[in-house]
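See structure below.
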């Protein structure tokens with residue numbers, strides 16, 4: 001008895017045909033989705049966050065601000081919220097170059113940072129507009145002296161800082 005085995009290419013043909021059909025179906029469904037409207041954002045993209053406005057008392061500046069001439073940076077300070085959606089919570093807020101009055105910022109961050117606050121002193125009350133998505137507005141160095149003792153609490157970035 002002779003056993004006939006088809007050549008290797010003939011054995012692959014059904015699998016190749018099935019793969020081609022699956023690819024074609026995927027392309028057709030993508031084209032149909034585009035015709036209906038814009039494709040949805042991938043699930044890994046975080047939703048944009050709206051700024052949060054709070055009134056808070058500055059309770060701790062953990063050290064000295066670096067010199068502005070050395071580099072651009074944001075400096076983290078501790079606040080106690082006394083009004084707004086996070087009332088009575090302790091929060092950590094990063095401020096861009098806190099040695100400069102908010103209105104005097106003229107570099108690339110002028111379009112991001114604003115307000116009428118001229119200086120930062122423990123005990124002062126500030127009205128802050130914050131974002132929880134720091135990386136969306138600040139990609140430079142973050143001076144965070146609280147990180148060693150509390151690295152789990154969220155950090156916010158101050159978009160607007162006004163006297164409270």
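The values are calculated or read from the model by the stated rules, or taken from the named source; none is laboratory data. Since the structure is predicted, the reported quantities are computational estimates derived from the model, not experimental observations. Methodologically, a virtual Cβ is constructed for each residue, glycine included, from the backbone with ideal geometry; neighbour enumeration extends over all protein chains shown.
Just wondering, is there one or more residues in region 74-83 that are in a loop (DSSP other than H, G, I, E, B) and either at positive phi or in contact with a strand residue (DSSP E or B) (Cβ under 6 Å, 6 or more places away or on another chain) (or both)? Steps first, please.
Step one: filter region 74-83 for residues in a loop (DSSP other than H, G, I, E, B), giving none.
No, because not a single residue in region 74-83 is in a loop (DSSP other than H, G, I, E, B) and either at positive phi or in contact with a strand residue (DSSP E or B) (Cβ under 6 Å, 6 or more places away or on another chain) (or both).
Collect the residues in region 87-108 that are surrounded by fewer than 16 Cβ atoms within 10 Å (Cβ to Cβ) and assigned to a loop (DSSP other than H, G, I, E, B), keeping them in residue-number order. First the steps, then the outcome.
Here is the first cut: in region 87-108, the ones surrounded by fewer than 16 Cβ atoms within 10 Å (Cβ to Cβ) are 87-90, 99, 101, 103-104, 106-108.
Hits for region 87-108 are 87, 88, 89, 99, 101, 106, 107, 108.
Can you tell me which residue in region 109-150 is modelled with the highest pLDDT, limited to those that are exposed (fewer than 11 other Cβ atoms within 10 Å of the Cβ) and over 15 Å from residue 75 (Cα atoms)?
The qualifying residue modelled with the highest pLDDT is 123.
Using the structure shown, decide if residue 129 is without any contact (Cβ under 8 Å) to a residue 40 or more places away in the chain and in a strand (DSSP E or B).
Against the criterion (without any contact (Cβ under 8 Å) to a residue 40 or more places away in the chain and in a strand (DSSP E or B)), residue 129 does not qualify.
Taking residue 148 and the conditions (1) farther than 21 Å from residue 83 by Cβ; (2) in contact (Cβ under 8 Å) with a residue 12 or more places away in the chain; (3) over 18 Å from the mean Cα position of the chain (by Cα), which numbered condition does it fall short on, given that it satisfies the others?
(2)
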